[in-house]
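Each remark here refers to the structure printed beneath this line.
The values are calculated or read from the model by the stated rules, or taken from the named source; none is laboratory data. Everything quoted here is computed from the prediction, not taken from an experiment. Heads up, the Cβs are rebuilt from the backbone with ideal geometry, glycines too, and the neighbour counts pull from every protein chain shown. The area values use the complete protein model at the heavy-atom level, side chains included, leaving out ligands, DNA and RNA. Shrake-Rupley method; radii C 1.70, N 1.55, O 1.52, S 1.80 Å.
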Amino acid sequence: MTGVFRAEVRDWLGAHVPAAPLPSLDTAAGFEAHRAWERELAAARLAVVSWPAAYGGRDASLTDWLVFEEEYYAAGAPARVGQNGLFMLAPTLFAFGTDEQRDRILPRMAAADDIWAQAWSEPDAGSDLAAIRSRGVRVCGGWVLSGTKTWCSRAAFADRAFGLFRTDLSAERHRGLSYLLFGLRAPGVTVRPIRQLGGRTGFAEIFLDEVFVPDSDVVGAPGDGWRIAMSTASHERGLSLRSPGRFLAAADRLVALWQRSDSADAALGARVADAWIGARAYQLHTQATAARLASGADLGTAASLGKVFWSELDVALHETALDLLGPWAEVRDGPDGRWLEDYLFALAGPIYAGTNEIQRTLIAERLLGLPR
């Protein structure tokens, strides 16, 4: 299927990718423009190609999904505004959700009718997720949520959110947590945008004041949230959130920038080559990971290896581009302004999805067997 599928995707993207970049998805207008693009993808059954057909997908293999991602980024297609739901919550629902949840949530997610925010971190619980204090209190028919979530990606304009809440105050840190879904416009929910380094507001704080969540919006068993969240984090750090296509396209643009610059700086040229090699290395690593998953293996802690690699590759690649551009790197509205925008976002990569310091500790202890 791969060759035929690649040709179909390439042809469709060539005919449909907007000629001019969409407004930033970290603005209200840009968010809705990206939602409209997601609906175009869904109408062509290209929004979630690896999902079952019943939920809007094509039952494509992981290999074909990687092919789609390569073509998507090579075509310069818009960023996926629904990525939190599509690449993090959806795999969690496939693994731990009920049939009713999948039937209710996934088609609307694929069609961009509901765009999801991630609501995990709290003011005093970032990398130490087990320290969360937001709580859920059991009531008839569901739970009542109270607390504060921060650095919630996409929350400024999204429709719904998924998060962890402490539902058993007597349990140890990693126990007594539950994985809950809630609406961002529900009574008792206040969303306050956070202005980012680039000046826009794609993140937000979420304040919950006695917010009711029905039992049907609990993912998995109450109290089993930590185990389920680690599955979500594995997808965030590993295969799905940052596919190789993203870095292959950026590396190709970097090579083109180098060729256009006529730079004679050999050290800078070596950095361009390193970025290109790194993107290809990540592609091969991900293809091997996909093969292991297809054979029944679990991603597990090995996802931390990929997360450290791609996040540091992203920063290095964009720093190289800015050094090539010199003073022009600061012109955000020029023909090369995308490099600065993407660099500012890349700086967050070593922090979100678990800081790289934490990931190195996981690699040392769980993969290499080093002492704590």
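Going through (1) open to solvent by 30 Å² or more (accessible area, probe 1.4 Å); (2) of a type in the set (Asp, Glu); (3) assigned to a helix (DSSP H, G or I) one by one, Glu38 falls short only on (1). For the stretch 243-269, the candidate set comprises residues that are of a type in the set (S, T, N, Q) and in contact (Cβ under 8 Å) with a residue 12 or more places away in the chain; within that set, the residue that is nearest to Tyr282 (Cα to Cα) is Ser243. Of the residues making up the stretch 275-329, those that are in contact with a Lys or Arg (Cβ under 9 Å, 6 or more places away or on another chain), farther than 13 Å from Trp339 by Cβ and among the charged types (D, E, K, R) are Asp298, Lys307. For the stretch 106-119, the set of residues classified as buried (at least 23 other Cβ atoms within 10 Å of the Cβ) and either touching a helix residue (DSSP H, G or I) at 6+ places or on another chain (Cβ under 8 Å) or not in a strand (DSSP E or B) (or both) consists of Leu106, Met109, Ala110, Ala112, Ile115, Trp116, Ala117, Gln118, listed by residue number.
The set of residues from the stretch 317-336 being surrounded by fewer than 16 Cβ atoms within 10 Å (Cβ to Cβ) and either touching a strand residue (DSSP E or B) at 6+ places or on another chain (Cβ under 9 Å) or under 14 Å from Pro21 (Cβ atoms) (or both) comprises Arg332, Asp333, Gly334, Pro335. Can you spot a residue in the stretch 312-335 that is within 22 Å of Met230 (Cβ to Cβ), modelled with pLDDT of 90 or more and of a type outside the set (Val, Ile, Thr)? No, the stretch 312-335 has no match at all.
Matching residues to (1) in contact with a Pro (Cβ under 8 Å, 6 or more places away or on another chain); (2) within 17 Å of Asp209 (Cβ to Cβ); (3) in a strand (DSSP E or B):
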residue: Ser127; (1), (2), (3): no, no, no
residue: Ala130; (1), (2), (3): no, no, no
residue: Arg133; (1), (2), (3): no, yes, no
residue: Leu145; (1), (2), (3): no, yes, yes
residue: Cys152; (1), (2), (3): no, yes, yes
residue: Ala156; (1), (2), (3): yes, no, no
residue: Leu169; (1), (2), (3): no, no, no
residue: Arg175; (1), (2), (3): no, no, no
residue: Tyr179; (1), (2), (3): no, no, yes
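Taken over the stretch 265-296, the residue count meeting the criterion of being in a helix (DSSP H, G or I) and either among the aliphatic types (A, V, I, L, M) or at positive phi (or both) is 16.
Can you name the residue in the stretch 216-264 that is assigned to a loop (DSSP other than H, G, I, E, B) and of a type in the set (A, V, I, L, M, F, W, C) and is also modelled with the highest pLDDT among such residues? Quick ask: steps written out before the conclusion?
First pass over the stretch 216-264, keeping only residues assigned to a loop (DSSP other than H, G, I, E, B): 220-223, 238-243, 262-264.
Within this subset, residues satisfying the condition of being of a type in the set (A, V, I, L, M, F, W, C) are 221, 239, 241, 264.
Numbers: Ala221: 95, Leu239: 62, Leu241: 66, Ala264: 81.
Among those residues, the one meeting the criterion is Ala221.
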